[in-house]
Amino acid sequence: MQELSGRHKTLLRCIVRNYIETATPIGSDQLVKQYRLGYSSATVRNDMMALEETGYLKQPHTSSARIPSDLGYRAYVTSLMRREALSPEERIRIEERIRREQGNLRRLFGEASRILGEISRELGVVLTPWMCNWVFDRLEFVALSDNKVLVVIRAESRQAKTVILEIESELKQEDLDKTAALLNERLNGLRLEEIRNSISERMKEVAGGHPELIRRMVGAAEDLFNFAEPLDVHTSGTQNMLMQPEFANPSMMREVLLLVEERQDLLEALKDVTPSPGISIGRENPTERLQAFSVVKATYSVGKETGSIGVIGPIRMPYRRIVPLVEHMAAIMSTHLGR
């Protein structure tokens, strides 16, 4: 990234802020008048041409007006942006809404995504924590039919995973309860990753329980106790994205809807948050679909594990307001989930 002069930094900051607020290209005459720059229009016009030549601006059509490029936005968020703090009233409302859901993790994650979507007027996203280091709590078996059983594996902080197993022999709830008690005794207090790596040894020569079910549990342990992927993705604010002028045409509207519905791109967008908070702009994003968007993201902590939150919007999103919002929300979630 080429170093900018002081005047070029001022012009780029003004051009980025104008485009974020209006979604309209700006020319040199309007720029001088609107921001009272103290330079002549000719000087500003030449500077805008220089910024275009160095990749910070681009020309959307044949007029002299310019808009920021991805590189221009990157320079803006890295060194030119002046953050806009949340108001005391917004902080209080966020605190109250998160505290209200503190006893129910699923509702808390959903509420966090709604808060992000409402305040940012973009798409709020919350990924629940990666849990490979969490401690096993207990498992339960529920008979669904003569040869199908629902396995419910619970870890600390009330997180749970469910899987259906098929068994060739007949299943009775009494046998399932005895098998669950046996497994819970053998696996009590272990980390989920430890169970995946050692369950076959721990269940050797075990007496009691349903033998075939135990064999199936040992054989499927790699999947059953694999909580390394986030368990759920909570989103809110799709309608906010669809109101943005960038997404008015049908093809871009379809990209927004696919982004929300298919979820894999959301996982890609938020799984790597280094440093936190992080900002990915346009082509900096890892998948082709995401390159029409920008992502502001941060991590929150739940014990030893981390989850991710973020706001996804058009590349001209109001970063100066969204970065403090995401940062504050991550801190609030870490505080409440750590209690």
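The values are calculated or read from the model by the stated rules, or taken from the named source; none is laboratory data. Since the structure is predicted, the reported quantities are computational estimates derived from the model, not experimental observations. Methodologically, a virtual Cβ is constructed for each residue, glycine included, from the backbone with ideal geometry; neighbour enumeration extends over all protein chains shown.
Within the range 273-293, the set of residues being over 19 Å from H328 (Cα atoms), touching a residue at least 12 places away in the same chain (Cβ under 8 Å) and not in a helix (DSSP H, G or I) comprises I281, N285, P286, T287, F293.
Check whether at least one residue in the range 311-334 is in a helix (DSSP H, G or I) and of a type in the set (D, E), and report yes or no. Let's see the steps before the verdict.
Taking the range 311-334 and keeping what is in a helix (DSSP H, G or I), we get 319-334.
Going one step further and asking which of them are of a type in the set (D, E), we end up with 327.
Yes: the range 311-334 contains one or more residues that are in a helix (DSSP H, G or I) and of a type in the set (D, E).
Considering each residue of the range 226-234 in turn, at least one proves to be modelled with pLDDT of 85 or more, in the same structural domain as T306 (by TED's automatic domain parsing), surrounded by 19 or more Cβ atoms within 10 Å (Cβ to Cβ) and closer than 30 Å to L108 by Cβ.
All conditions but one from (1) touching a Phe, Trp or Tyr at 6+ places or on another chain (Cβ under 6 Å); (2) in a strand (DSSP E or B); (3) of a type outside the set (V, I, T); (4) surrounded by fewer than 21 Cβ atoms within 10 Å (Cβ to Cβ) apply to G307; the one that does not is (4).
The set of residues in the range 140-162 being surrounded by 14 or more Cβ atoms within 10 Å (Cβ to Cβ) and in contact with a helix residue (DSSP H, G or I) (Cβ under 9 Å, 6 or more places away or on another chain) consists of E140, F141, V142, A143, V149, V151, I153, A155, S157, Q159, K161.
Selection of the range 88-137 for residues being among the small types (G, A, S) and within 24 Å of Q264 (Cβ to Cβ) yields G110, A112, S113, G117, S120, G124. Against the definition (touching a helix residue (DSSP H, G or I) at 6+ places or on another chain (Cβ under 9 Å) and not hydroxyl-bearing (S, T, Y)), how does R36 come out, yes or no? Considered against the rule, which asks whether it is touching a helix residue (DSSP H, G or I) at 6+ places or on another chain (Cβ under 9 Å) and not hydroxyl-bearing (S, T, Y), R36 comes out as no. Note on the range 85-101: among residues that are under 30 Å from Q159 (Cα atoms) and surrounded by fewer than 13 Cβ atoms within 10 Å (Cβ to Cβ), the one that is modelled with the lowest pLDDT is R100. With the condition kept exactly as written, say whether any residue in the range 75-84 is of a type in the set (D, E), buried (at least 18 other Cβ atoms within 10 Å of the Cβ) and either touching a helix residue (DSSP H, G or I) at 6+ places or on another chain (Cβ under 8 Å) or more than 27 Å from I309 (Cβ to Cβ) (or both). No, the range 75-84 contains no residue that is of a type in the set (D, E), buried (at least 18 other Cβ atoms within 10 Å of the Cβ) and either touching a helix residue (DSSP H, G or I) at 6+ places or on another chain (Cβ under 8 Å) or more than 27 Å from I309 (Cβ to Cβ) (or both). Check the range 152-163 and report whether any residue there is assigned by TED's automatic domain parsing to the domain that holds R202, in contact with a Ser or Thr (Cβ under 9 Å, 6 or more places away or on another chain) and assigned to a strand (DSSP E or B). Yes: one or more hits.
Of the helices (runs of 4 or more DSSP H) contained entirely in the range 1-107, those carrying at least 3 residues that are in the same structural domain as P245 (by TED's automatic domain parsing) and touching a residue at least 60 places away in the same chain (Cβ under 8 Å) fall at 88-100.
Is it true that some residue in the range 285-294 is crowded, with 20+ Cβ neighbours inside 10 Å and in contact with a Ser or Thr (Cβ under 6 Å, 6 or more places away or on another chain)? Scanning the range 285-294, I find no residue that is crowded, with 20+ Cβ neighbours inside 10 Å and in contact with a Ser or Thr (Cβ under 6 Å, 6 or more places away or on another chain), so the answer is no.
Evaluate the following for L267: is it assigned to a helix (DSSP H, G or I) and modelled with pLDDT under 90? So that I can check it myself, show each step before the final result.
On the way: assigned to a helix (DSSP H, G or I): yes; modelled with pLDDT under 90: yes.
Criteria met by L267.
Restricting attention to the range 115-148, the residues that are closer than 10 Å to G237 by Cβ and assigned by TED's automatic domain parsing to the domain that holds D177 total 0.
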